[in-house]
1. When the chain is fully extended, how far beyond the present Cα-Cα distance does residue 70 get from residue 7, taking 0.36 nm per residue of separation?
2. Treat each spin label as a single point 7 Å out from the Cα along the C-beta direction, and report the residue 91 to residue 203 distance in nm.
3. Show me the ranking of peptides 86-92, 278-284 by mean Cβ neighbours inside 10 Å, starting with the highest.
4. Beta carbons within 10 angstrom, averaged per residue: use that to sort the peptides 120-133, 182-195, highest first.
5. What is the distance, in nm, between label points placed 7 Å from the Cα along the Cα-to-Cβ direction at residue 27 and at residue 158?
6. Once amide H atoms are built 1.01 Å from N in the peptide plane, which residues 5 or more positions from residue 44, or in another chain, come under 5 Å H to H?
7. At a Förster radius of 22 Å, what calculated FRET efficiency corresponds to the Cβ-Cβ distance of residue 149 and residue 128, to the nearest 0.05?
8. Please list the radius of gyration and Dmax for the chain, considering alpha-carbon atoms only, with Å as the unit.
Amino acid sequence: MQMNWPRKLLIGIPFLWLLALFLVPFLIILKISLSDPVLAIPPYSPRLDLSNGFEGIITFFSELDFENYIFLSEDSLYWKAYISSIKISAIATFFTLMIGFPLAYAMSNASENWRTPLLMLIILPFWTSFLIRIYSWMGILSNTGLINQLLLWMGVISEPIIILNTNTAVYIGIVYTYLPFMVLPIYATLDRLDGSLLEAAQDLGCTRFSAFWLVTLRLAKPGIAAGCFLVFIPVIGEFVIPSLLGGSRTLMIGKVLWDEFFANRDWPIASAVAVFLLLILLIPIVLFQRNEEKQREHER
């Protein structure tokens, strides 16, 4: 049987990409997480010495104690940071969905002449540096920023309200930054929706709202699920937004990871934090894959 080399090459390239840019770095981080911290450069002493061959591997597994991971479970800072990150990610994902779904729905129901300009407006922020956009929000949310000045001018408040360096500012920054990741998959799903299904539902006695609830919303579930995962997963490890907009009052695992690597220079603990974070992120990834498999089975 002749082997289909072009097909295997096409499939093999993504696997090689994942191997080079995901699996290999993960194994390096895993090795560092099982090392001992030292005052040196680099600031860790590896327990696994491959130069000793098979004997070094046997010695490594015989002395394996997971000390750094045990330390994570005993220090409340880390599990509080994990819980806080999951909470902030979940709330931010909810707000992003509440804003993103109406936008995607309006875009899918717009005329053909307007869809492309509206889609460009959603993608347009990506043309500007991510850091510049976050620094802009720092100016907008500050005590002398645009929001406070507008509220003072309208007479809504008598003195500036504190928005910057709070969780509210973090939510605003996350929703603004990740909104396109929610809108685009939902829009792609709604754009393929067969309009005759809504007409059939209304002919069978459904109101416009019930037809939307029973037909549009249910058929949009794959796009909603994809958008939620595309927002929730990266937000858990977010560092820039909570650091610049949340300040020291916002506790997220990305900030803790940064402090361990660059402030405390405790690479083994930082690597253990990163490995455990990856294990947490595997849960929604597995759920997403199962959702995709069920969707494909349903389509068959």
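Readers should treat all values here as calculations from the given coordinates under stated rules, not as data from a laboratory. Since this is a predicted model, take the numbers as computed values, not measurements. Counting neighbours? That spans all protein chains shown, and the Cβs are built from the backbone with ideal geometry, glycine included.
1. Working: separation 63, 0.36 × 63 = 22.68 nm, distance 4.55 nm.
Once the chain is fully extended between residue 70 and residue 7, it gains 18.1 nm.
2. 4.8 nm
3. Details: 86-92: 18.3, 278-284: 13.0.
Ranking, from highest mean packing down: 86-92, 278-284.
4. Numbers: 120-133: 11.0, 182-195: 18.9.
Descending packing order for the listed peptides: 182-195, 120-133.
5. Going by the 7 Å Cα→Cβ label model, 6.7 nm.
6. The list, which skips near neighbours in sequence, is 38.
7. The formula returns an efficiency of 0.45 here.
8. 24.4, 81
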